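Written below as structure tokens is the structure these notes are about.
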Amino acid sequence: MSAVVAEHEHDEHHDHGPQKGLLRWVITTNHKDIGTLYLVFSLAMFFIGGAMAMIIRAELFEPGMQFVDPQFFNSMTTMHALVMVFGAVMPAFVGLANWMIPMMIGAPDMALPRMNNMSFWMLVAGVLLLASTLFMEGGAPASGWTLYPPLVLQTGAALPFAIFSVHLLGISSIMGAINIIATIFNMRAPAMTLMKMPLFVWTWLITAFLLIAIMPVFAGAVTMLLTDRFFDTSFFDAAGGGDPVLYQHIFWFFGHPEVYVMILPTFGVASTIIPVFARKPLFGYSSMVYATASIAFLSFIVWAHHMFTVGMPVAGELYFMYATMLIAIPTGVKVFNWTATMWKGSMTFETPMLFSIAFVVLFTIGGFTGLMMSIAPSDFQYHDTYFIVAHFHYTLVPASVFILMAAGYYWLPKWTGNMYNERIGKLHFWLSAVSVNILFFPQHFLGLAGMPRRIPDYAVQFADWNMISSIGGFIFGISQLLFLYIVIDTIKGGTGEKATDEVWEDAHKHGLEWTLPSPPPYHTFTTPPATVPTEHI
Amino acid sequence: MKENVTQKNTRLVRILVFVVLGMFGFGYALVPLYDVLCDITGLNGKVEAAVKEESYEVDKSREITVEFMTALNESTPMVFRSETKKIKVHPGEYHTVNFYAENKTDKAMVARAIPSISPGPAAEYLKKIECFCFSEQTFKAREGKTMPVRFVVNPELPEKYKTITLAYTFFDNTETSVKK
Ligand code: HEM
Ligand SMILES: [Cu+2]
């Protein structure tokens, strides 16, 4: 027995600080290092995916074909989505989880540090493989991120590579999810009971369960595509008795929970930030936990709202319509709770809070358009038009992405020990908040007027709103460079003002991370804290 | 305390890996599940194979329009048409209509016609006794064939259906044929 203990001591304590040199970043198993790797990587992907969006908006600036050929245009819409979903938003939240979850629950590290390192490098491999398809014969996949057959089977040499890349990304997120579940279940400080956990930890726990349930299904679906194309199976091939609509069912069984994978941690961060700047406890802590769990549960039984137009029996249309509408209830509970948290609070409006408030308002718009589309007969008008493009961009850009920005501003002083430049931060916020609406709001009108999604050219009656949308897009794109500047500047020393331990007034009452020095030492909570803050409850 | 956590982690990881494998299997299980559901609901106009000719009481009181449509999957080098575009039938009456298909290439071709019936819920009432779609068809170079379809509309067809469309798409299966 004692031999085992000794071995462990050796294992965990042979380094007390980071390794010297670049190799540190390759072999690190430290949760803070891996968190940083994930965050830096996802920021890079945010700009690469953003560059693709700029190509899309440039082509759509005017009717007619301007810059790219249609095949490449469709590759851009496909790759933009895949890069943003699997390269930017999901890894950014995994990065936050790595950095913050151990510090929030009083654990020394993630439960499975080596697997943690592996899941990061698999992500990099997956994204590189995906990017490499851009240079292959026949171009990158151009079927849309949903990879529907039979269209996707017409992809050139890139198809197997894109599919293997999905496999790698899937395995990477599954490993990340398993690690997070193990950390939360087994590594909490004894005082940190489940119902005292910060909501960010709660929402990630639930998200991690979603991930391990859906990523394998997606992996299965793309494997069926692969065997249909190369090994003569006929899962989706009508000639052999298969059915392409089956793919849509399997895809959306994954796809709908997948969109919640991107929004649940967003909810968690918002619920963490808003109480601090409202100087009040979160309104309805336990209802937030239950609402998150019900949203996660419902997300498994509503998938066919993406397929109202494929020709379902009326009973199916009705069931999926009502089930989808149900989601609005727990979602409404959340919006109500955030608003109630701010109600009569002593609010201040630092950059993280500004982004969080914008999130509450703009996410609600996305929720409302979602409700409109959940009405099956109306969805025949909205489906596959720019209306749905507007819907999911409202739920993803001014929601998930804004909250990621908020998280960046909120925790950067903790991570680096330096204060960021608040004036530039506010400028970044106002430019983003205004331009994101110029960018996406007109797309509602375009969709209602009938402009289809995923097309490089359009009829002239759509010209005005497209031009406005593109202008908003360019302003939004350029504004994000401010964020890059702020991140680099803060790492280098920022305003010169050193961050205090709690950074934000009374933050130590809201989360364990604020009881640690800024920046925290390489190893934290090697002995668990005796008490935990409860102000957030 | 330490190795206790390690043990707990190992056990949890084992369970979770099991869940992952199970869900991978579930993805595949959706395939037969989907077929069963399609059968029950008549979704997508999927129809079962050949049926024996049995006699129904002919329902003279109503007439159903049966339409025939033909299509070629994009890369299939054939001529394909139905000799009857539409026909009015009484439920319970047997009819035979002819389709014509021709191989436009200089090589032998194996092709498969996939039927689809709409509206979907009516599919189970359109019974086919004879059809070229029941099996793969082989065409010699440049060969053209006239192929009959014998069918009946089951008199139990609900009143609300006045028109049924039977559509066939020919797929070139020469590369992948099971007959090869
Ligand atoms: C009240 C909550 C919501 C409802 C009722 C809802 C409803 C819908 C419906 C009915 C569609 C299908 C529209 C169509 O294809 O015609 C859809 C599409 C979509 N939704 Fe939502 N939604 C909600 C929230 C969200 C959230 C929170 C996200 C992501 C963070 C999201 C992301 C998406 C995406 C990405 C698509 C499009 C997928 C595609 O076809 O590419 N939605 N939503
Ligand atoms: Cu959905």
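Annotations
- All told, A:Ala191 meets the bar of being surrounded by fewer than 23 Cβ atoms within 10 Å (Cβ to Cβ) and more than 14 Å from chain B (Cβ to nearest Cβ).
- Test: residue in segment A:67-79 that is more than 16 Å from ligand 2 (Cβ to nearest atom), touching a Leu at 6+ places or on another chain (Cβ under 9 Å) and among the β-branched types (Val, Ile, Thr): yes
- Given (1) open to solvent by less than 10 Å² (accessible area, probe 1.4 Å); (2) within 16 Å of ligand 1 (Cβ to nearest atom); (3) more than 16 Å from the chain's Cα centre (by Cα); (4) over 19 Å from A:Trp303 (Cβ atoms), index of the condition A:Tyr394 fails: (3)
Yes or no, residue by residue, for (1) open to solvent by 10 Å² or more (accessible area, probe 1.4 Å); (2) in contact (Cβ under 8 Å) with a residue 40 or more places away in the chain; (3) within 11 Å of another protein chain (Cβ to nearest Cβ):
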{"position": "A:Thr223", "(1), (2), (3)": "yes, yes, yes"}
{"position": "A:Phe231", "(1), (2), (3)": "yes, no, yes"}
{"position": "A:Ser234", "(1), (2), (3)": "yes, no, yes"}
{"position": "A:Ala239", "(1), (2), (3)": "no, no, yes"}
{"position": "A:Val261", "(1), (2), (3)": "no, yes, no"}
{"position": "A:Ala270", "(1), (2), (3)": "no, yes, no"}
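- Among the conditions (1) among the hydrophobic types (A, V, I, L, M, F, W, C); (2) at pLDDT below 95; (3) closer than 28 Å to B:Gly25 by Cβ, A:Val217 misses just one, which is (2).
- With respect to being touching a His at 6+ places or on another chain (Cβ under 7 Å), under 27 Å from A:Ile105 (Cβ atoms) and at pLDDT below 95, A:Pro198 fits the description.
- Scanning segment A:291-316 for residues that are more than 10 Å from ligand 2 (Cβ to nearest atom), of a type in the set (A, V, I, L, M, F, W, C), open to solvent by less than 40 Å² (accessible area, probe 1.4 Å) and part of a helix (DSSP H, G or I) yields A:Ala291, A:Ile295, A:Ala296, A:Leu298, A:Phe308.
- Residues being under 26 Å from A:Gly87 (Cβ atoms), away from every other protein chain (no Cβ under 14 Å) and within 11 Å of ligand 1 (Cβ to nearest atom) are entirely absent from segment A:415-425.
- Residue check, A:Asn186 of a type outside the set (Gly, Ala, Ser), within 11 Å of chain B (Cβ to nearest Cβ) and buried (at least 22 other Cβ atoms within 10 Å of the Cβ): no
- Considered as a group, the residues in segment A:128-168 that are assigned to a helix (DSSP H, G or I), over 23 Å from A:Ile212 (Cα atoms) and open to solvent by less than 10 Å² (accessible area, probe 1.4 Å) include one that is nearest to ligand 2 (Cβ to nearest atom), and that residue is A:Val152.
- Scope segment A:317-349; condition within 16 Å of ligand 2 (Cβ to nearest atom) and small (Gly, Ala, Ser); matching residues: A:Ala323, A:Ala328
- Some residue of segment A:453-467 being modelled with pLDDT of 95 or more, among the hydrophobic types (A, V, I, L, M, F, W, C) and within 24 Å of the chain's Cα centre (by Cα): no
- Residue in segment A:291-299 that is under 19 Å from the mean Cα position of the chain (by Cα) and β-branched (Val, Ile, Thr) present: yes
- Condition broken by A:Trp411, with the remaining ones in (1) away from ligand 2 (no atom under 16 Å from the Cβ); (2) closer than 22 Å to A:Val83 by Cα; (3) under 22 Å from the mean Cα position of the chain (by Cα) satisfied: (2)
- The residue that is least open to solvent (accessible area, probe 1.4 Å), counting only those in segment A:317-330 that are more than 9 Å from ligand 1 (Cβ to nearest atom) and of a type in the set (Ser, Thr, Tyr), is A:Tyr319.
- Filter result for A:Tyr290 (more than 9 Å from ligand 1 (Cβ to nearest atom), within 14 Å of another protein chain (Cβ to nearest Cβ) and not charged (D, E, K, R)): no
- Checking each residue in segment A:350-370 for being touching a Pro at 6+ places or on another chain (Cβ under 9 Å) and within 16 Å of ligand 2 (Cβ to nearest atom) picks out A:Phe363, A:Gly366.
- Breaking point among (1) closer than 21 Å to A:Val401 by Cα; (2) within 13 Å of ligand 1 (Cβ to nearest atom), for A:Val333: (1)
- Condition broken by A:Ile250, with the remaining ones in (1) open to solvent by 10 Å² or more (accessible area, probe 1.4 Å); (2) within 11 Å of chain B (Cβ to nearest Cβ) satisfied: (1)
- Odd one out for A:Ile273 among (1) part of a helix (DSSP H, G or I); (2) within 14 Å of ligand 2 (Cβ to nearest atom); (3) not polar (S, T, N, Q): (2)
- Selection count where residues are free of Cβ contacts under 8 Å to residues at least 40 places away in the same chain and either among the hydroxyl-bearing types (Ser, Thr, Tyr) or within 14 Å of another protein chain (Cβ to nearest Cβ) (or both), scope segment B:67-81: 1
- Every pair of residues 6+ apart whose Cβ atoms lie under 7 Å, when the first sits in segment A:408-437 and is closer than 16 Å to A:Gly473 by Cβ while the second is hydroxyl-bearing (Ser, Thr, Tyr) and open to solvent by less than 10 Å² (accessible area, probe 1.4 Å): A:Leu431/A:Ser479; A:Ser432/A:Ser479; A:Ser435/A:Ser479
- Within segment A:354-376, being within 11 Å of ligand 1 (Cβ to nearest atom), among the aliphatic types (A, V, I, L, M) and open to solvent by less than 40 Å² (accessible area, probe 1.4 Å) holds for A:Met373, A:Ala376.
- Residues in segment A:508-537 that are out of contact with any Lys or Arg (no Cβ under 9 Å at 6 or more places or on another chain) and not in a loop (DSSP other than H, G, I, E, B) were compared, and the one that is farthest from A:Ala270 (Cα to Cα) is A:Thr515.
- Whenever a residue of segment A:26-38 is open to solvent by 10 Å² or more (accessible area, probe 1.4 Å), its partners that are of a type in the set (Gly, Ala, Ser), lying with C-beta atoms within less than 9 angstrom and at least six residues away or across chains, give the pairs A:Thr36/A:Gly95; A:Leu37/A:Gly95.
The values are calculated or read from the model by the stated rules, or taken from the named source; none is laboratory data. These figures come from a predicted structure and were not determined experimentally. Please note: Cβ atoms are built from the backbone with ideal geometry, for glycine as well, and neighbour counts cover all protein chains shown. Quick note on the areas: whole protein, heavy atoms, side chains included, nothing else; ligands and nucleic acids left out. Shrake-Rupley method; radii C 1.70, N 1.55, O 1.52, S 1.80 Å.
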